[in-house]
Structure formats: structure tokens, C-alpha cells
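To start, the structure under review is shown below, and the notes come after it.
The values are calculated or read from the model by the stated rules, or taken from the named source; none is laboratory data. Not measured: the values here are computed from a predicted model. Here the Cβ positions follow ideal geometry from the backbone for every residue, glycine too, while neighbour counts run over all protein chains shown.
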Amino acid sequence: MLLTILSSLAQDESRSISENTKWGIRRRYENGEYGISTKRFIGYDIDEDGKLKINKEQSKVVKRLYAEYFNGKTVDYIKKIFEKEGVKNWNGEAKWQVSTLKSMLENEKYKGDALLQKSYTSDFLTKKRTKNKGEMQMCYIEESHEAIISPEIWECVQLETARRAEYMKKHNLKSYSRNTEQNPFASKVICGECGHAFSRKEWWDRYGGKRKIWQCGERYKIKGVEGCLNRHTDEETLIKAFMMAWNTLIENKEACFEKWKKQMESEDLLKAYRAKEFMKYMSLITEFNVDFMLKTLDHISVFESGMLTVVFLDGTEVEIK
Ligand SMILES: [Zn+2]
């Protein structure tokens, strides 16, 4: 009996300590001081007053990540690039996790804001932390510290993530892009007849060389049964179509400029920002460049008639016959 009372007293004690700690943490946040560890959190250090201060070297990595992602790369591809180039993580090693990069792209601290109490101690006895889904009051502090990413770009990156999810859903894709360095057109060639993505195959030509061709993924979905009857296309044709389409834009520079100027005033932040970026790319291309394709191309539709439609990320469509 006595033992029970004692332990429940101890519990009460523990609860009130826990509650006090919560209160303390919140007060410190309100004063701009952080109880968070910046050790594994790249981009910031904590100064002697406990405030977040930009770490110059690390902030370059954060900026690069946001730019590469906005320019059409996936986190999987960015991870490979970072590791190949020896870009250093918080511990000085050139090793990156896809999940870390993903959460960095969603972290509001990079635009100078702070969402407090994203998680809380749900069990004050075991000190277990739980994700806050509204049980606890969260407070959002704008401009709580210096930003590394402008709020405009940060917002555009969130919209870009949503756009990619929408794109994948529409074309029944598992990933926005995969194995980009070997196959940059993956997920970007769409069947104009049935809406599914094309996939790449290698065919032997009559001279014993290999030829990369693209074919509707629905063609032989059930083995031995012909599905979608759309024709195949050569990778060379796709490259040429992309270049021709882009150069057509440049040849119609004035009209494009007018269009982008209007688009820059759009309420759709992503659309407006994309138009602003496109204005910087105003030159003819004479050779195919993967990075340039990734940041400008939405997709290429292939039709049975042999026509190709090149759709750019700013929404412009160019038909190639
Ligand atoms: Zn098809």
C-alpha cells in the first residue's frame, strides 16, 4: 500500500519536472535561444548567447542542395553528386543519407523560421519523444534567426516537391527520375496515346552496334500480348527533339519574354519563379547537356503519328514533326 503511494508520488514529481522543462524550453525559444543541437544540423552554429548563427562553409552546401533540387535533380542523384565531389557532411565525411537531404529540403529553419515543439516527451517516465500531431501547442516563429534560403526559394522547393508527386501520380510512376547519370530521360518520355511512361531498351542494330530505343511501358505489360500500339522512338530522336524545341523558343525570344513577364506576376509562386529562371537561359544550344535538360524539360510526349511534343517546365509546348 505504502509502496503504491510512494511510487505515484514519484510519478507526480516526474510529471511536474517534465512540465516545467517544457515551459522552460518554450520560454527560451521565445527569447531566441535554442535547446537544439546544431551538431548534426548543417548550416548553423550556436553562438555564446545560444542563438543560431550561420556557418558559412556549411551554408554553401544547403544552398547548393536547394538549387540542385529546384533545377530538376532528385535527392538520390544529389547524394551521388555530393559523395563524388567530396562535399562534407556535419562530421566532415563525404557520406550522405537520402533521408537527411530530404528533411533538409523541408526544414523551415533554413528560411529563418522556427517551428517549435515538433516533438515532445510523451512519456515522462521513459523520456520517449513523440512527433507532435497537434496534441501539444506548437508555435511558429517567423524570422527567428538569419535565413540561408530565401523564403521565396524555400516555398518554391515545397511546391516543386508537390508538383513532382502530382506528375508521378498522373503518369503512374514510382520515381520522378532514377539512375539519372546513365538514363537522363527516365520518367520524362510519355506516351501520347495512353499517358503511361516510355521505358528504355537496348536493341542490336544490323552492324552489331547497340541502339537505345524507347517504348511505351504498356506495350507488353502482359507477356506475349500487345498492349498499347504506339510506335517506339530512338533516344537520338528525343535528344534532337529537345534541342530543336529549345532553339525554337530562342528564335521566338520576344514572344517568350512577353509570356514570362506576365507569368512572373502569377500568384502561383513556382510558376512565377520558373519564368524568372527561364529568362536567364536565353541562348541557343548546340550540344545536349543533361543538367540543362533536367532544369528545363517537363516531358516529351510521343504520338503514333510520329509527332513529338516537347513540354518545358514553364508550360511552353513545342511540336516537332
Ligand atoms: Zn502507350
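Numbers at a glance
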read-out: Flag for ILE190 being touching a His at 6+ places or on another chain (Cβ under 9 Å) and buried (at least 16 other Cβ atoms within 10 Å of the Cβ); value: yes
read-out: The lone exception for THR296 - which of (1) touching a residue at least 12 places away in the same chain (Cβ under 8 Å); (2) closer than 22 Å to CYS216 by Cβ it fails; value: (2)
read-out: Any hit, the range 208-224, residues being outside any helix (DSSP H, G or I), in contact with a Lys or Arg (Cβ under 6 Å, 6 or more places away or on another chain), exposed (fewer than 15 other Cβ atoms within 10 Å of the Cβ) and of a type outside the set (Lys, Arg); value: no
read-out: Meets criteria (closer than 26 Å to ARG163 by Cα, modelled with pLDDT under 95, within 16 Å of the ligand (Cβ to nearest atom) and out of contact with any Ser or Thr (no Cβ under 6 Å at 6 or more places or on another chain)) for GLU218; value: yes
read-out: Some residue of the range 86-100 being closer than 29 Å to MET264 by Cα, part of a helix (DSSP H, G or I), modelled with pLDDT under 95 and within 21 Å of the chain's Cα centre (by Cα); value: no
read-out: Sole exception among (1) at negative phi; (2) more than 11 Å from the ligand (Cβ to nearest atom) for HIS232, by number; value: (2)
read-out: Considering residues of the range 184-194 that are touching a helix residue (DSSP H, G or I) at 6+ places or on another chain (Cβ under 7 Å) and assigned to a loop (DSSP other than H, G, I, E, B) only, the residue nearest to the ligand (Cβ to nearest atom); value: PHE185
read-out: Residues of the range 298-321 classified as part of a loop (DSSP other than H, G, I, E, B) and buried (at least 19 other Cβ atoms within 10 Å of the Cβ), total; value: 3
read-out: Selection from the range 282-302 of residues that are modelled with pLDDT under 95, farther than 12 Å from ILE239 by Cα and aliphatic (A, V, I, L, M); value: MET282, LEU284
read-out: Residue match in the range 188-208 (condition: under 17 Å from VAL302 (Cα atoms), of a type in the set (Asp, Glu) and assigned by TED's automatic domain parsing to the domain that holds LEU313); value: yes
read-out: Qualifying residue in the range 162-182 (condition: touching a Phe, Trp or Tyr at 6+ places or on another chain (Cβ under 8 Å), more than 16 Å from the ligand (Cβ to nearest atom), in a helix (DSSP H, G or I) and small (Gly, Ala, Ser)); value: no
read-out: Residue count, the range 253-275 (criterion: under 18 Å from ARG164 (Cα atoms) and in a loop (DSSP other than H, G, I, E, B)); value: 1
read-out: ALA197 vs. criteria within 16 Å of the ligand (Cβ to nearest atom) and either of a type in the set (Gly, Ala, Ser) or within 27 Å of the chain's Cα centre (by Cα) (or both); value: yes
read-out: Among (1) part of a loop (DSSP other than H, G, I, E, B); (2) within 16 Å of VAL189 (Cα to Cα), the one test that LYS295 misses; value: (1)
read-out: Residue list for the range 225-266, filter: of a type in the set (Ser, Thr, Tyr) and either more than 20 Å from GLU287 (Cβ to Cβ) or crowded, with 17+ Cβ neighbours inside 10 Å (or both); value: THR233, THR237, SER266
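Each row is one residue, and each column tells you yes or no for (1) over 22 Å from the mean Cα position of the chain (by Cα); (2) away from the ligand (no atom under 16 Å from the Cβ).
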site: LYS212; (1), (2): yes, yes
site: LYS240; (1), (2): yes, yes
site: TYR273; (1), (2): no, yes
site: SER283; (1), (2): yes, yes
site: PHE303; (1), (2): yes, no
site: LEU308; (1), (2): yes, no
site: LYS321; (1), (2): yes, yes
